[in-house]
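Structure first, then comments.
Each value in this text was obtained by applying a stated rule to the coordinates, not by laboratory testing. Model, not experiment: these values are computed from the prediction. Glycine also receives a Cβ, built like all others from the backbone with ideal geometry; neighbour counts cover every protein chain displayed.
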Amino acid sequence: MNKAKRLAALALALTLAAGAFSGCWNKDDSSSSSGSGSASGGSGKVYFLNFKPEVDGVWQTIAKEYTQKTGVQVKVTTAASGTYEEQLKSEMAKKEAPTIFQVNGPVGYASWADWCADISGSELAGHLREGVGVLGDGEKIYGIPYTVEGYGIIVNTAIMDRYFALEGAKAKSLEEINGFEKLKEVVEDMQAKKAELGIDGVFASTSLLSGEDWRWQTHLANVALAPEFDELGADMTDAKTAPEISFKYSENFKNLFDLYLDNSTIDAKLSGSKTVNDSMAEFALGKCAMVQNGNWGYSQIAGVDGNVVKESDVTFLPLYMGLPGEEDQGLAIGTENFLCVNAQASAEDQKASLDFLNWLFTSDEGRAYVKGELGFIAPFDTFTAEDAPADPLGRAVVEWQNRDGVKNTPWDFTIFPSQTFKDNFGSALLRYAQGSLTWDDLIGSVVADWKTEKANIA
Amino acid sequence: MQKTLKKARWFTIFVVPTLLAFLASFLAPFLMGIYLSFCKFTTVTNARWVGVDNYLRVFTDPGGDFVRALSFTALFTVVSVVTVNLFAFALALLLTRGLRGTNLFRTVFFMPNLIGGIVLGYIWQIIINGVLLGFGVDITFDAKYGFWGLVVLMNWQLIGYMMIIYVAGLQNVPPELIEAAEIDGASGWQTLIHVTLPNVMPSVTICTFLTLTNSFKLFDQNLALTGGAPGKQTAMLALDIYNTFYKRTGWEGVGQAKAVLFFLMVGAIAFIQLRLTRSKEVEN
């Protein structure tokens, strides 16, 4: 009797333990089962750590289809928004580390250099368009961009047309707004007539909650800093370039930032609790006429419940801030997403990974996914002008890219020294918006932070 | 002999699995963490030995983040240990008086403890901002809003749990002692201080230990409620370690060094506190 009891206890304990560990086992099961048919497809495996949560589902479909077609096992894991570096750090320490991952430019490369294989000899690298920036030293290529993105001021043309039709409007069409002065004139007049226009403010709220401030401390700052980098002769492939800045065009940054704060749907002091989602929702619901964001924001606008903005009513304006030569200024177009192949993975896995990427960006099936469902503006010669993405903002980016006589601003923020620099910048902007920090002090802290954080890069 | 064998068998069944799990998921990473604090690394597998460099950088960092986080954490810990224990003890006294609905109240007060820290953080952020917006500010305006916000949140979450411990302690105070005190003409206050309190000292020990370490180690609530805003002024130690490790290029080792220092501090404080309160406990 006693023995039976003990046996029963043991059995129960084991069941419990099995239950506790079954989570881990299950995971292994699923990944090995999807590779069970791989006998025919060589020995390499692909593991991609995806950066963009909004397209996770598409990647899973692509992985499945590729496995069915070739028998090569493809695993795609997506990092939750804002946690890519964390995920990558822990995944890379594992035995089954990602074979394809991404770094966000030279600064990201500085910490992942040991893992980035030279892929200059690959077929895909040969398909890169002329003049596309890569991660590398001129000869070797360690990372290739997979999508080009653009940002500016997203405008609701339906509201603008309503304004242009008003008596005494400061402009009669969007084309007339080709510089900061005109933009300011129009915006301030619109703000004064917001009741007539049926909006709460011209600009969506300036989201300055920590973690939600990248539109200002990264994107807006980029436009103001890019000409300074040019003057400094900064090398955009080197993380340590531009060890010091003077924030020469800070006054221009302030021009536009003040315009956002003063002509917003909310009191500038309340910006500290607003998120990017809040801003995009205000735009989608027609409560404001403009919002600064990029082409990726379209899915967000379209996805808001009760969205009143028609697809044909959305377009871009450049971020005019009174910079010299702004009559030719275009959107900020570039990329911070560089795909790298893990140099520490086995040779078979590296080859399988390159084959997978090559299939995705050159084959007809792969390209259909890229332009249709991933919505990428891929910088490869296998994509023509007709392959532009379907959404209006993506199309606008391609259009600006090909417009004559326009100087689009490059994405130079890939050489910003660290996330800490950006976070500090963002919180300084918040304190400026709340009125507890003067603009001069803000410039001082940005310049000082840049120097210390740059010096920290190994 | 028979008995030791039997013991060995039960030991294998009940302790060994836990022991293995403890070794694998606690002790091994812990030792590795100490080793890594002397290294420069990106992932835990490519560490390169750099000696005490990381520890020096903790204190020479021009931002002074660690020291600021330490003083903020210390202040927060003192305030919340005092408030949590006072309120919890007062509630426990109230709910051991045989009032109507005692059980209902105990449950209600205990419930916030069942909600996760992140969720509580966001809920309180909405509540506090809702109030502050009435005055045209929000929680990111001033470090003092964040500080008191955290104190309120911590109280909300921990009072119920501590209250239950105090209730158990109070129920174990021998009624004859209280009766004797009453017969001797002691006032209610005198009874409380000289009879009840010495008898619940074991509960006080446990509760101060729990509030002290929990306040010192606070992370989720801090991350969700203020995220360190304004600037990094309300970032506590755990959040600062996290930010150092993940948000700066080349600072992983420094974050690790901060974590080791953090461990030493928590350990030392907890040890001293246990020593002090234990000495006040009475045998009955």
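Tabulated data
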item: Summed residue charge, Cβ within 12 Å of A:ALA332's Cβ, Lys/Arg positive, Asp/Glu negative; result: -1
item: Cβ crowding within 10 Å averaged over residues, with B:270-277, A:203-210, A:368-375 ranked highest first; result: A:203-210, A:368-375, B:270-277
item: Whole-Å semi-axes of the range B:1-123's equivalent ellipsoid (Cα gyration tensor); result: 40, 33, 14
item: Relative contact order (percent, whole number), chain B, Cα cutoff 8 Å, 6+ residue spacing; result: 28
item: Net length gained if the chain between A:ALA165 and A:THR384 were fully extended (0.36 nm per residue, minus Cα distance); result: 75.0 nm
item: Total formal charge among the other residues, if their Cβ is under 13 angstrom from that of A:ASP258, Lys/Arg +1 and Asp/Glu -1; result: -1
item: Mean ellipticity per residue at 222 nm, deg cm²/dmol - from DSSP H runs of n ≥ 4 across chain B, formula -39500 (n - 2.57); result: -21500 deg cm²/dmol
item: Residue-span extension gain [B:GLN190 to B:ARG278] - 0.36 nm each, minus C-alpha spacing; result: 29.5 nm
item: Relative contact order of the range B:119-222, pairs being alpha-carbon contacts under 8 Å that are 6 or more residues apart, as %; result: 32
item: Shielding of B:227-234 by partner chains, average beta-carbon count, 10 Å; result: 6
item: Estimated dipole of chain A in Debye, rounded to 20 [Cβ of Lys and Arg +1, of Asp and Glu -1, Cα centre]; result: 2000
item: Proximal charge balance of B:ARG106 [Cβ under 14 Å; K/R count +1, D/E count -1]; result: +2
item: Cross-link partners of A:LYS172 among aspartates and glutamates (Cα-Cα below 12 Å; sequence separation of 8 or more within a chain); result: A:ASP161
item: Average beta carbon contacts from partner chains per residue of A:88-94, 10 Å cutoff; result: 4
item: Shielding by partners, peptide A:110-118 (average Cβ within 10 angstrom, other chains); result: 2
item: Alpha-carbon centroids, the range B:6-71 and the range A:88-119: separation in whole Å; result: 23
item: By average C-beta atoms within 10 angstrom, highest first, the peptides A:402-408, B:147-153, A:281-287; result: A:281-287, B:147-153, A:402-408
item: As computed over chain B, the Cα convex hull volume per residue (Å³); result: 207
item: Estimated vicinal HN-Hα couplings, Hz - the range B:200-216 in sequence order (Karplus 6.51, -1.76, 1.60; Gly, Pro = x); result: 9, 3, x, 5, 4, 4, 4, 5, 5, 4, 5, 5, 4, 5, 4, 5, 5
item: Antiparallel content of DSSP bridges confined to chain A, in %, to 5; result: 65
item: Long-range Cα-Cα pairs in the protein assembly as shown (distance over 46 Å), rounded percent; result: 33
item: Alpha-carbon centroids, the range B:178-255 and the range A:341-403: separation in whole Å; result: 53
item: Ellipticity estimate at 222 nm from DSSP helix runs (n ≥ 4, -39,500 (n - 2.57)) divided over chain A, nearest 500; result: -13500 deg cm²/dmol
